[in-house]
Amino acid sequence: MIDRRRIGAVVSAWTLIGVAALFATAIYRLGGRGIATIQAGLEWGEWVVLVLLTVAFVYGEGFRALDRRWVPRLVERALLVRHEPRLLVRVLAPLYGMSLIGAGKNDLIRGWLLTTGIVGAVLIVRTLPDPWRGIVDLAVGAALAWGLVAILRRFPEAVR
């Protein structure tokens with residue numbers, strides 16, 4: 001006999017684990033570049049920019065955008081996907097959680113615009129010379145780390 005509640009919990013967990021893995025990979029890569037930039041040495045003005053940018057990104061993106069808005073919506077969709085009858089949607093549950101598939105028109109547009117904006121920002125930051133690329137990467141990595149903690153903090157609520 002198939003226990004639908006248990007399968008639903010696994011699908012919800014997969015949603016959050018998949019997104020958390022994306023965050024962790026990005027944190028590892030960005031953090032590594034940021035640490036290498038610090039190890040190479042920064043001038044005082046670069047340190048000021050690093051601190052200010054990191055505080056701004058952690059507060060604006062990590063706390064306000066991810067922790068307060070995006071992650072709660074991700075958890076909400078992780079709970080919704082457990083009732084999704086289509087196997088493909090369940091397999092692609094992290095994309096469902098990020099509103100890239102299986103969402104209403106407005107949510108799909110918002111999800112894809114956000115993703116496109118992130119890709120665009122990545123492409124722009126890649127053109128920055130050192131140490132500025134490393135400074136931005138460290139700040140973004142710190143914001144994503146805050147977001148990852150927010151996902152992990154809400155994990156139990158999504159798999160109950």
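Where a number appears in this text, it was derived from the coordinates with a stated rule and is not lab data. Bear in mind that the values here come from a model prediction, so they are computed numbers and not experimental data.
Observations on the structure shown:
- Across the range 38-54, coupling constants 3J(HN,Hα) worked out from phi with the 6.51/-1.76/1.60 Karplus curve, θ = phi - 60°, read 5, 5, 6, x, 10, 7, 4, x, 5, 4, 4, 4, 4, 5, 5, 5, 5 Hz, and Gly and Pro carry x.
- Length released on extending from V119 to R153, taking residue separation times 0.36 nm less the Cα-Cα span: 9.6 nm
- Phi-based couplings in Hz for the range 114-127 (Karplus 6.51, -1.76, 1.60; Gly and Pro marked x): 4, 5, 5, x, 5, 4, x, 5, 4, 5, 5, 4, 4, 7
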